[in-house]
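For reference, the structure is listed below as structure tokens.
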Amino acid sequence: MATVEERSAEAGARKFPDWDSRRYRYYQPIGRKATLYEDVTVDVQPDPDRYLLQGWIISFADGTPAYSPTRTRLKSSDWHAYRAPDEEWERPHYQRQSAIVRMIQQAVANGRAQGAVSRFDRDWVHILQNHFSASKHAEYGMGIALMSGQRDGMTQMINNSILVNASYKLRYAQDITLYLADIAPDLNGALDEAQGKEHWMNDELWQPTRALVETVLAATDHLEQYFAINIVVEPMILELFRSGFIAQAAALHGDFLTPTVVSAAEADYTRNMVNTVTLMRLMAKDPVHGTHNQGVMAEWLDHYLPLAQNAAQHLQPIWSLPRMKVHGFQDAYQTAVSRVNTLLAEIGLDGNGGENS
Amino acid sequence: MATSLSKITAQRGISLAEATRRIADLGWLPTYAQQALKYPTDYKFVKAPRDPMKQVLRSYFPMQEEKDNRVYGALDAGLRGNMFRSVEPRWIEWMKLFLAIIPFPEISAARSMAIEANVVPGHDLRTGYTMQMVDELRHSTIQMNLKKWYMENYIDPSGFDITEAAFGKCYATTIGRQFGEGFITGDAITATNIYLQVVAETAFTNTLFVAMPSEAARNGDYALPTVFLSVQSDESRHIGNGHSTLMAVLNEPDNHLLLERDIRYAFWQNHAIVDAAIGTIIEYGTKDRRKDKESYAELWQRWIFDDYYRSYLLPLEKYGLKIHHDDVQAAWDRIIKKDYVHYVAQFFSAGWPVNFWRIDPLDERDFEWFEYKYPGWYKKFGAWWENYRKLSKRGNPPIVWADTGYVYPHRCWSCLVPCLIREDMVVDEVDGQLYTYCSEQCRWTHKVAFASEYEGRPTPAMGRFSGRRQWEEVYHGWDLADVIKDLGFVRTDGRTLVPQPHLEFDEREMWTLDDVRGYELRSPLVDLRQMTPEDRERHIAEYRKGFTVHKV
Ligand SMILES: [Fe+2]
Ligand SMILES: [Fe+2]
């Protein structure tokens, strides 16, 4: 009989070649030491240019393989260089999403318990009903576009970033939906939940935004969608509306709850924006394809930015609706424009698209 | 807690049904720009699927976070309880293979949700698809983390440390790729709904994520069960997505012919691939030989035959769908009468020098159990495993090159498992090229199902088999030592092999490149194609007769 000591399968129980090879050694960490995010993410999606000896083995009818660089117009000399600054993988993703869900639910439950909702300004309720509620469809549309986009990236790092972005957008669209459903009973019929979609579909103010969202949804290039959403649509429309209007006007109208819902989306966006900028900067600075990529991104900008600027301008009348006036639309719009310019400068596109105002 | 905040304050809330109805109403039909169907399908939809599960993201995320807490708590507990002092190395070695493969099907399933959401009309089921997408991110990264944990704590980390690189190179992991790439290529509905959800998840995840944990626990591995049962707890959601989508697909009679094709293809591929891998790991990767334990064949009968075939597939006939009963019977026969799993295990052990894990020789206790569960086993496989044990000592030729009577098998072009049931091997030509298949069903899959036309009906969306599918072809004519170097299956000392035909944790016993030099690897298919028609006929007839292993 072998003693427990002799038959132990514990690390270090015996010394032989590679008994201490205790890190994934097939990839180069970006920092000095591999992060947990890198260990669970890098190379999980294989690549014939790295280790995929036999290539992809099932193709589409036209010969396109499972993953193909032809799915985007951007080119890269090393798709594997990108790491998400937010380092999201499953555990932190669920922790963060759950924390947001709990924060909103507690705030709403407390607010309702104290009768806060019934003290909302009635005109403000009307704005929530028609416009805040309309915005949930724009958010949802972006979530759907990203969900589709996470199919096509050339690495797991890229696809994970797009995937968690989709998860955040879809959660926020549901946050708005269920938040309005939660507070509606406290408003005794003053909030008609069907009006949001009605305005999204038919209100002239929202039609250019809907056209923009549908244009992004119709794009088939996943990095074009990722770029359009986080570099153009978010700052020019969604953040403009969330931070430049809702978050500022709510409190003036006795509404301390809605800003809680909206603040989660801003925090989401910050992370997704940093991811996107990091990826796009890598593309723009690619030693081989940088110039080409800058040209493509400039084309995307030429395509989406005017649509977004026009859509934003159409939302302007919403700023005049509340009884208590907030910072004017022009202030908010200028903030959005300079935000876009900052992002473009970060990416290294200032030469191409920085003159917009 | 008996009282909750909402009880005290008597807050009225909306029902889950109301919540999901509102969420489904987030979608709309675009009028300014039409969404392109990025991923083609030959299926038609007349109605959108419903969501029977009625889930919303705000209850989903906290539920998953809670599950995660239990999983990571169990890993900590495993270390505190000194799990690795008593775990069976035979078992952990096979995890080098299994955990190299499985994250890829998981990420493919996440991608698959992009495709499915893109082609399936309506918004009722989008939340279901979204949850599945995030679940699959969960599965892939939780598995990568488990593997890292083994690497950090198990006696021999070699093989775990190269895991994703090894996945790209090994002949065995390509079989797993055939499984996962099927989720993301070709006809969108074939791939996402039928192959992934209706067959892989509904039928075969039980063997993957329930049978494996039981066997793990029997080998002193308490970590894997917590992780994989947690993974499996997400599957009911995916099965629900699959069933609702299938009901919408069934609604259009025009789809029935394609459904018949796809269920047939998916069932046979899943059987060929999953049963090969999991059957081998469960039966040959264990040290537990209690006779009251269910064998893989017994598990298969319960989960695949009774629960899936009888309770899920058969009822589809009332919608006018043709189900291939004969295939289910044929799969069952392969497992119970034709020794499918045993031949796969034999093949993996034959290939040990090009593996990236160790395979422990069997001993008398193993022989006894196999003979008890599979009467006649020793007569067919006893000599092989006696040889394997004997030849596991350095200085012997690697077993494939030893004179044992074993004939290195042809490989199936469809499922990529070799043609192990020799009498069933089929040869056919597709577009003027000769191919070998393990079975008539696999021949049909390549030649008939994966084509631009099916029974007279154009199927422009169907995928194609492509790439360098045949691993042996890549190394045809190479020296074994060079193959192993090229694969990267050499330890960092530059000479000791990652794979070993034993569990000796002692440098003197471990095979090096010098021990495997001078043996030539050949591709049976390349050789077959080069034969004259007469020689080929003779070779195939000979192959189908099988082989007899004698003791060395
Ligand atoms: Fe999964
Ligand atoms: Fe096959």
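In the P(r) worked out for the stretch A:1-92, what percent of Cα pairs fall beyond 21 Å? Value for the stretch A:1-92: 57 percent of Cα pairs lie more than 21 Å apart. Using θ = phi - 60° in the Karplus curve 6.51 cos²θ - 1.76 cosθ + 1.60, the 3J(HN,Hα) couplings for the stretch B:333-347 round to 4, 4, 6, 8, 9, 10, 6, 3, 4, 5, 5, 5, 4, 4, 5 Hz; x is entered for Gly and Pro.
For B:Arg411, the residues whose amide H sits under 5 Å from its own are B:Cys419, B:Leu525, ignoring neighbours fewer than 5 places away on the same chain, with H placed 1.01 Å from N. For the pair B:Asn69 and B:Arg508 in one chain, pulling the backbone fully straight at 0.36 nm per residue adds 153.7 nm over the alpha carbon distance. With a cut-off of 17 Å on the backbone N, the residues of the stretch B:161-177 near the modelled label site 7 Å out from B:Thr492 along Cα-Cβ are B:161-166.
For the protein assembly as shown, a Kirkwood hydrodynamic radius built from all Cα pairs, placed in the Stokes-Einstein relation at 20 °C and 1.002 mPa s, yields a translational diffusion coefficient of 73 µm²/s. Can you pull the percent of the stretch B:394-552's accessible area that's carbon plus sulfur, 1.4 Å probe, other chains left in place? That share works out to 45 percent. Computed from the C-beta positions of B:Asp363 and B:Thr548 and an R0 of 22 Å, the FRET efficiency is 0.45 to the nearest 0.05. For the stretch A:68-83, the Karplus equation 6.51 cos²θ - 1.76 cosθ + 1.60, evaluated at θ = phi - 60°, returns couplings of 9, x, 6, 6, 9, 7, 6, 10, 9, 8, 7, 4, 7, 6, 6, 10 Hz by residue, with Gly and Pro reported as x.
Each Lys or Arg adds one and each Asp or Glu takes one away; over the other residues whose Cβ falls under 14 Å from the Cβ of B:Tyr543, this sums to 0. Buried accessible surface for the B/A pair, both sides summed and rounded to the nearest 100, is 9700 Å² with a 1.4 Å probe. Cross-link partners for B:Lys545 among the lysines, with Cα-Cα distance under 19 Å and sequence neighbours closer than 8 places in the same chain left out: B:Lys337, B:Lys338, B:Lys379, B:Lys380.
Measuring against 31 Å, Cα to Cα, the residue pairs B:Lys390/B:Lys447; A:Lys75/B:Lys447; A:Lys136/A:Lys285; A:Lys15/B:Lys96; B:Lys47/B:Lys318 contain B:Lys390/B:Lys447; A:Lys75/B:Lys447; A:Lys136/A:Lys285 as the ones spanning a longer distance.
Interface residues of the stretch B:170-188, defined as those losing at least 40 Å² of solvent-accessible heavy-atom surface relative to the isolated chain (probe radius 1.4 Å), are listed as B:Arg177, B:Glu181, B:Ile184, B:Thr185. Taking only protein heavy atoms and a 1.4 Å probe, what accessible area per residue, in Å², does the protein assembly as shown have with all protein chains in place? Normalised by residue count, the accessible surface of the protein assembly as shown is 34 Å². With 0.36 nm allotted per residue and the present C-alpha distance subtracted, the A:Glu193-A:Leu205 stretch has 2.5 nm of extension available. How much net charge surrounds A:Gly254 when only the other residues with a Cβ under 12 Å from the Cβ of A:Gly254 are counted, with Lys and Arg +1 and Asp and Glu -1? For residues surrounding A:Gly254, the net value is 0. Placing +1 on the Cβ of every Lys and Arg and -1 on the Cβ of every Asp and Glu, with no other charges, gives the protein assembly as shown a dipole of roughly 1140 debye about its Cα centre. Zone of B:Tyr319 (label point 7 Å along Cα→Cβ, backbone N under 19 Å): which residues in the stretch B:224-238? It comes to B:236-238, nothing else.
What is the local net charge at B:Lys379, summed over the other residues whose Cβ is closer than 13 Å to its Cβ (Lys, Arg +1; Asp, Glu -1)? After counting each charged neighbour, the total is -1. Under 5 Å from the amide H of B:His502 lie the amide H atoms of B:Ile359, each residue being 5 or more positions distant or on a separate chain, with H modelled from the backbone and absent for Pro and chain starts. With all protein chains in place and a 1.4 Å probe, the accessible surface of the stretch A:153-304 carries 55 percent carbon and sulfur. Out of every Cα-Cα pair in the stretch B:79-360, what percent are more than 24 Å apart? Value for the stretch B:79-360 (Cα pairs over 24 Å): 50 percent.
I need the trypsin sites (Lys or Arg not before Pro) found in the stretch B:293-358, filtered to DSSP loop residues with at most 10 other beta carbons within 10 Å of theirs. Answer by residue number: B:Lys337.
Residue by residue, the stretch B:106-114 carries 3J(HN,Hα) couplings of 5, 5, 5, 5, 5, 4, 4, 5, 4 Hz when phi is fed to the Karplus relation 6.51 cos²θ - 1.76 cosθ + 1.60 (θ = phi - 60°); x denotes Gly or Pro.
With the convex hull of its Cα atoms as the shape, the stretch A:90-347 has an orientation-averaged projected area of 13.0 nm². Taking the protein heavy atoms of the stretch B:79-360 in the context of the full set of protein chains, the accessible area attributed to carbon and sulfur is 50 percent at 1.4 Å.
Hey, with R₀ at 45 Å, roughly what FRET efficiency would B:Glu423 and A:Arg25 work out to, going by the Cβ-Cβ distance, to 0.05?
Values: r = 44 Å, r/R0 = 0.98.
It comes out at approximately 0.55.
Relative to one another, the C-alpha centroids of the stretch B:348-367 and the stretch B:475-535 are positioned 15 Å apart.
Cα centroid separation, the stretch B:33-48 to the stretch B:50-71: 29 Å. Database remark: amide H of B:Thr512 closer than 5 angstrom to the amide H of B:Leu497 (H placed geometrically; neighbours at sequence offset of 5 or more, or on other chains; Pro and chain starts carry no H).
The values are calculated or read from the model by the stated rules, or taken from the named source; none is laboratory data. On a predicted model such as this, the values are computed, not experimentally measured, just so you know. Every residue, glycine among them, receives a Cβ derived from its backbone with ideal geometry; neighbour counts consider all protein chains shown. Ligands, DNA and RNA are stripped out before the accessible areas are found, and what is left, the full protein with its side chains, is counted by its heavy atoms. Shrake-Rupley method; radii C 1.70, N 1.55, O 1.52, S 1.80 Å.
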